[in-house]
Amino acid sequence: MNHDSRRITLVSQTAQETPRKWYDSAESASRIVIVDSFTRLRRAMARPLVDLDADVERVILDRSVSASEYLSLLAQLPHEFTGDLLMIRKDETGFLSANGRGGDRVLYALSAPDLGFYLETHRLASAASVQVPAPMRSTVLQFRARSVA
């Protein structure tokens, strides 16, 4: 059995939503672990993550929770968990809770382009997997990174 030393990204998603295409190959930056129930994810988060034999880098709630459930989970996060907690809403906007400079958590509101940027920057999913609403699409500058030889 091979040991995978990559950090883990836990993803909670429901069967009711169209599944997002996650980068889950062996070459991806993070090991994606899909959890099919928010209840199971919440149970895993309730016990200190330092006791797990895993290195969880972030938790993504992909269109699977309400804002109140997200805040409830955020309030109950073990202090030992220093990773990101990202909530993706059905309209492809979201909220990101991350560690700030002094160790305190900071909460960011994300637009659909911000969400696409986060997923692509961390090599979790293509920004194209985020469906930007048409009115927002016309007001956002489109940037494509390119390599220069």
Item checked: Ser64 hydroxyl-bearing (Ser, Thr, Tyr), within 18 Å of Ala125 (Cα to Cα) and not in a helix (DSSP H, G or I) -> yes
Margin query: Looking at Glu92, Glu69, can you tell me which residue is in a helix (DSSP H, G or I), closer than 15 Å to Gln13 by Cα and modelled with pLDDT of 90 or more?
Written below: Glu69
Notebook entry, point to check: Can we say Asp62 is modelled with pLDDT of 90 or more and not aliphatic (A, V, I, L, M)?
Noted result: yes
Checklist line | Residues satisfying the stated conditions in the range 89-109, i.e. surrounded by 17 or more Cβ atoms within 10 Å (Cβ to Cβ) and within 22 Å of Gln16 (Cβ to Cβ) | finding: Arg89, Glu92, Thr93, Gly94, Phe95
Next item on the list: From Ser25, Ser30, grab the single residue that is in contact with a strand residue (DSSP E or B) (Cβ under 6 Å, 6 or more places away or on another chain), over 13 Å from Asp62 (Cα atoms) and not aliphatic (A, V, I, L, M).
Entry: Ser30
Check: Within the range 7-55, can you find the residues that are modelled with pLDDT of 85 or more and in a loop (DSSP other than H, G, I, E, B)?
Finding: Arg7, Arg20, Lys21, Tyr23, Ser30
Check: Can Gly100 be described as under 19 Å from Val35 (Cβ atoms) and among the small types (Gly, Ala, Ser)?
Finding: no
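The values are calculated or read from the model by the stated rules, or taken from the named source; none is laboratory data. On a predicted model such as this, the values are computed, not experimentally measured, just so you know. Here Cβ is always computed from backbone atoms with ideal geometry, including for glycine, and neighbour counts include all displayed protein chains.
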